[in-house]
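Here's the structure we're looking at; comments come further down.
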Amino acid sequence: MKGFPKVLKTKEDYYNCLAMVASGELAAADLLAKIESAENQRYIECGVAAVEEEKKAVTVYYCDEAAVGMKFVAGSVSGTVQGVTHIQTDEAAAAGEAGNDRTALTLSKAVKAGCTVIALERTDTVAGMTTDDIAALKGVLKQYE
């Protein structure tokens, strides 16, 4: 195989690329970028419209996929979603818009007051890799940087 593969679909593809990094055929930074891109596919990024005073509740722009039990990451804070309520704001109703435009999330842990994005985990694997597989690949790649 010459150069960097265009598509990496399976865990084996990533491990084959790791072997290519070890043999000097690929740059470690290129594979790391692909791994991080795949890792980001596990999450739905939601913009935070408001953080409640107790900070265990946030309002995000409408997210139909949000569900109770989903894991979340907001900066250095992670936990699970305890409650989900889809709402229509007064501004949207006044503008004559139909449907929900915000989603209120009750969280298991408090987020920081300046939180602007919350990532909801939609799957625990990507390309057949678990979070442990991804961490292992990243750990091995550190020795080649």
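We did not get these values from a lab; they are worked out from the coordinates using the rules stated. Bear in mind that the values here come from a model prediction, so they are computed numbers and not experimental data. Every residue, glycine among them, receives a Cβ derived from its backbone with ideal geometry; neighbour counts consider all protein chains shown.
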Review point. If one takes the longest principal axis of the Cα atoms in the chain, at what angle in degrees, from 0 to 90 and to the nearest 10, does the Cα axis of helix 28-40 lie?
Key: 30 degrees
Review point. Most mobile of 96, 75, 47 per a Gaussian network model of the chain (Cα springs, under 10 Å)?
Key: 96
Exercise for review: Between residue 12 and residue 80, with labels modelled 7 Å along Cα→Cβ, what's the label distance in nm to one decimal, could you check?
Suggested key: 3.5 nm
Practice item. With N set to the residue count of the range 43-121, report its C-alpha Rg divided by 2.2 N^0.38 Å to two decimal places. Key: 1.05
Review point. When the chain is treated as a GNM, springs tying every alpha-carbon pair under 10 Å, which of 61, 43, 15 comes out with the largest mean-square fluctuation?
Key: 15
Practice item. Pick out, from 47, 82, 123, the residue whose Cα sits farthest towards the positive end of the charge dipole of the chain, with +1 on the Cβ of Lys and Arg and -1 on the Cβ of Asp and Glu. Key: 123
**Study point:** Förster-model FRET efficiency, 41 Å R0, residue 45 and residue 23, C-beta, rounded to 0.05
**Key:** 0.70
Point to revise | Spatially close lysines, pair count over the chain: Cα under 13 Å, gap of eight or more or interchain | key: 9
Review point. How much net charge surrounds residue 103 when only other residues with a Cβ under 12 Å from its Cβ are counted (Lys, Arg +1; Asp, Glu -1)?
Key: -2
